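Chemist: This is the structure, below, for whatever I ask next.
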Amino acid sequence: QLQASGGGLVQTGGSLRLSCAASGDIDIIKDMGWYRQAPGKERRLVAVIDLGGTTRYAESVKGRFTISRDNGKNTVYLQMNRLQPDDTAVYYCATVVAGTTSWGQGTLVTVSS
């Protein structure tokens, strides 16, 4: 089970930090990531981090967002800085364990102009 938190309303240029904790009988989590879905659009990758700490970002968030993970807590974070109205979306965390992807419930981020 994945529990995401940290979404909310913020003004342009502001910051938010999302967290997502995995609970239950968990094997080794290979990848942990964040995706987002804006109204009327497809869900897209924001950032992903693997077990070794290698990260990958969508071009639109490079230099503004930072993904990190705490393997001891099975938690992934997304620090979002210099937020823009185009960042408004429901953000979903995801994990990959033994080839199976699991999704969190989503947390809404709204950036006002």
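The values are calculated or read from the model by the stated rules, or taken from the named source; none is laboratory data. Since this is a predicted model, take the numbers as computed values, not measurements. As a convention, Cβ positions derive from the backbone with ideal geometry for all residues, glycine included, and neighbour counts pool all protein chains shown. Just so you know, the surface numbers come from the protein's heavy atoms only, side chains and all, with ligands and any DNA or RNA stripped out. Shrake-Rupley method; radii C 1.70, N 1.55, O 1.52, S 1.80 Å.
Condition check ((1) surrounded by fewer than 17 Cβ atoms within 10 Å (Cβ to Cβ); (2) of a type outside the set (Gly, Ala, Ser); (3) in contact (Cβ under 8 Å) with a residue 40 or more places away in the chain) across all residues:
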site: LEU2; (1), (2), (3): no, yes, yes
site: SER23; (1), (2), (3): yes, no, yes
site: ASP31; (1), (2), (3): no, yes, yes
site: GLY40; (1), (2), (3): yes, no, no
site: ILE49; (1), (2), (3): no, yes, no
site: GLY52; (1), (2), (3): yes, no, no
site: SER68; (1), (2), (3): yes, no, no
site: ASN81; (1), (2), (3): yes, yes, yes
site: VAL97; (1), (2), (3): yes, yes, yes
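Chemist: Could you list, in sequence order, the residues of the range 91-113 that are within 13 Å of the chain's Cα centre (by Cα), among the β-branched types (Val, Ile, Thr) and more than 14 Å from VAL10 (Cα to Cα)?
Modeler: THR95
Chemist: Can you confirm whether the range 68-76 contains a residue that is modelled with pLDDT under 95 and farther than 16 Å from CYS20 by Cα?
Modeler: no
Chemist: Could you please find all residues in the range 9-21 being out of contact with any strand residue (DSSP E or B) (no Cβ under 6 Å at 6 or more places or on another chain) and either within 14 Å of ALA89 (Cβ to Cβ) or open to solvent by less than 30 Å² (accessible area, probe 1.4 Å) (or both)?
Modeler: Within the range 9-21, just GLY14 meets the criteria.
Chemist: Let me ask another. For the range 2-49, which residues satisfy the criterion of being more than 15 Å from the chain's Cα centre (by Cα) and of a type in the set (S, T, N, Q)?
Modeler: Once the filter is applied, which keeps residues that are more than 15 Å from the chain's Cα centre (by Cα) and of a type in the set (S, T, N, Q), the range 2-49 yields GLN11, THR12, SER23.
Chemist: May I ask you to list the residues in the range 1-32 that are out of contact with any helix residue (DSSP H, G or I) (no Cβ under 7 Å at 6 or more places or on another chain), within 14 Å of VAL109 (Cα to Cα) and assigned to a loop (DSSP other than H, G, I, E, B)?
Modeler: GLY6, GLY7, GLY13, GLY14, SER15
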